[in-house]
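Structure, as C-alpha cells:
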Amino acid sequence: MAVIENAAASPEALAKWRASMRNMDRAELLAQQLVQRGAEHALAELQKLGATAAHCAAMLASVREALIEVHTVAAARGIDLVGYSAPGPEDTPRETGEGDAR
C-alpha cells in the first residue's frame, strides 16, 4: 500500500525513502504518485486555510467520509480495492472481507 512518510525528518530517512522508490513496480509507483498528489493537494489547501486543529480535523473527517463512499460504491459494483495492510486505531474503512464494510 502506498503511504505518506515524513522523509524530510532526516537525511537518512530521505535516502531510505528514495531508495525504496527504486524497488517499486509500475503499480506501486502509480499508487505512490496518487497518494503523494493527494497529500500535496490536501496540504496546499490546509496551508491556504491555516493549519489549525479544527481545519485539520475537518479535512480528515472529509477524507474519511470520501473513503467510506469510495468503498461503498466499489463494493456495490463488485470492484476489489487495495486493502489496508496496517490500519491505525482510527475507524478506517477496509475492503470488503477484511473488516466491516461501509
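The values are calculated or read from the model by the stated rules, or taken from the named source; none is laboratory data. These numbers were taken from a predicted model, which means no experiment stands behind them. A quick note on method: Cβ atoms are made from the backbone with ideal geometry, for glycine too, and the neighbour counts reach across all protein chains shown.
Structure above, values below:
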quantity	calculated
Residue within the range 53-63 that is touching a residue at least 24 places away in the same chain (Cβ under 8 Å), part of a helix (DSSP H, G or I), surrounded by 11 or more Cβ atoms within 10 Å (Cβ to Cβ) and small (Gly, Ala, Ser) present	no
Within the range 30-52, considering residues that are hydrophobic (A, V, I, L, M, F, W, C), exposed (fewer than 14 other Cβ atoms within 10 Å of the Cβ) and out of contact with any helix residue (DSSP H, G or I) (no Cβ under 6 Å at 6 or more places or on another chain), the one nearest to GLU5 (Cα to Cα)	ALA39
Odd one out for THR92 among (1) in contact with a Lys or Arg (Cβ under 9 Å, 6 or more places away or on another chain); (2) modelled with pLDDT of 90 or more; (3) among the hydroxyl-bearing types (Ser, Thr, Tyr)	(2)
Flag if ALA39 is part of a helix (DSSP H, G or I) and without any contact (Cβ under 8 Å) to a residue 12 or more places away in the chain	no
